[in-house]
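Structure first, commentary second.
The values are calculated or read from the model by the stated rules, or taken from the named source; none is laboratory data. This structure is a prediction, so every number in the text was calculated from the model and none was measured. Glycine also receives a Cβ, built like all others from the backbone with ideal geometry; neighbour counts cover every protein chain displayed. Ligands, DNA and RNA are stripped out before the accessible areas are found, and what is left, the full protein with its side chains, is counted by its heavy atoms. Shrake-Rupley method; radii C 1.70, N 1.55, O 1.52, S 1.80 Å.
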Amino acid sequence: MKHLLKLLDLSTEEIIDLLNLADQLKYELKHGIEHHILKGQTLGMIFQKSSTRTRVSFETGMYQLGGQALFLSSRDLQIGRGEPVQDTARVLSRYLDGIMIRTFEQKEVEDLAEYGTIPVINGLTDFCHPCQVLADLQTIREYKNKLDGMKMCYIGDGNNMANSLTVGGLKVGMKVSLACPEGYRPDPQVLEFAKTYGDNFQIVSDPVEAAADADVLYTDVWASMGQEAEAEKRKIVFKGYQINDDVMKSAKSDAIVLHCLPAHREEEITAKVFEAHANEIFDEAENRLHAQKAVMVRLMSKK
Ligand code: CP
Ligand code: NVA
């Protein structure tokens with residue numbers, strides 16, 4: 001594994017290896033066992049969109065691994081004034097040991113990896129959010145003790161989260177069921193991939209139907225970053241695409257609820273369900289730290 005650009009690029013074995021390492025690093029952190037595996041290394045973090053979790057967990061994670069992280073806002077970088085990503089990649093490769101980038105187009109992340117000579121980590125694009133899904137899978141395994149055969153149901157927009165959850169879930173042996181309105185379904189590339197998993201993948205319009213016997217329920221905002229202008233229209237389109245009591249009743253009685261955050265209460269999830277499952281949701285947020293440290297170790301460790 002040279003980069004983390006999208007989960008489609010990873011084998012099942014590579015994903016499981018990252019989850020195992022994430023568990024180990026979490027254990028070590030909790031028990032005060034120092035792991036300065038990336039001593040003296042620098043991660044550049046380019047942000048073209050807002051972030052709380054990704055920014056803080058990467059920066060803290062790099063510090064815990066003995067290295068440092070540089071926050072690079074696109075507002076301040078020349079990239080924001082039109083310097084080509086090909087040149088930015090070659091320049092940053094001379095200073096840094098790794099780059100994390102959060103941006104709009106997936107192509108920008110792929111270009112950075114193609115033209116640079118250091119590992120590139122996708123910290124969210126319009127297409128996918130692989131770091132989030134590694135943390136999600138780590139969390140599911142913590143609560144359910146296994147991934148194989150578990151049913152995950154995603155309700156809402158067929159966005160970057162839906163794309164990555166579908167690919168990641170299927171690759172680790174989960175059953176994936178989606179409820180998305182017509183016209184708001186996942187990327188065609190993801191649907192093509194999912195089709196090869198036969199009955200393990202299902203996409204319907206009805207959230208209660210999708211949630212039947214689910215072990216994991218997942219949702220995300222109705223309007224993602226960059227879609228602010230459509231937010232009002234989306235409130236109409238997505239009305240009912242919500243994790244609420246009806247959806248909970250359809251799932252298994254011990255189902256866990258996850259949300260990548262930030263959450264909009266009473267839109268994609270009711271405040272009642274959110275608070276009843278807050279432990280799972282904030283464990284999931286914490287696991288961003290551990291899962292991303294595993295990614296950085298696998299990509300950047302010189303040993
Ligand atoms: N879930 C997630 O990526 O959060 P941030 O946008 O705060 O980084
Ligand atoms: N779909 C959301 C995820 C945020 C972590 C967005 O792209 O804004």
(message) Conditions first: (1) touching a residue at least 60 places away in the same chain (Cβ under 8 Å); (2) assigned to a helix (DSSP H, G or I); (3) within 22 Å of Met161 (Cα to Cα); (4) not aromatic (Phe, Trp, Tyr). Lys49 passes all but one, so which condition is the exception?
(response) (2)
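Residues are listed down the side, and each one gets a yes or a no for (1) within 16 Å of ligand 2 (Cβ to nearest atom); (2) over 18 Å from the mean Cα position of the chain (by Cα); (3) among the polar types (S, T, N, Q):
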site	(1), (2), (3)
Trp222	yes, no, no
Asp254	no, yes, no
Ile269	yes, yes, no
Val273	no, yes, no
Asn279	no, yes, yes
Asp283	no, no, no
Leu289	yes, no, no
Gln292	yes, no, yes
(message) Can you find, within segment 42-68, the residue that is farthest from Lys302 (Cα to Cα) among those that are open to solvent by less than 20 Å² (accessible area, probe 1.4 Å), of a type in the set (A, V, I, L, M, F, W, C) and within 14 Å of ligand 1 (Cβ to nearest atom)?
(response) Phe47
(request) Using the structure shown, decide if Glu110 is surrounded by fewer than 20 Cβ atoms within 10 Å (Cβ to Cβ), in contact with a Leu (Cβ under 8 Å, 6 or more places away or on another chain), assigned to a helix (DSSP H, G or I) and at pLDDT 95 or above. (result) yes
(request) Please work out if Leu77 is in contact (Cβ under 8 Å) with a residue 60 or more places away in the chain and not small (Gly, Ala, Ser). (result) no
(message) Looking at segment 113-132 only, could you name the residues that are open to solvent by 30 Å² or more (accessible area, probe 1.4 Å) and either within 16 Å of ligand 2 (Cβ to nearest atom) or assigned to a strand (DSSP E or B) (or both)?
(response) Asp126
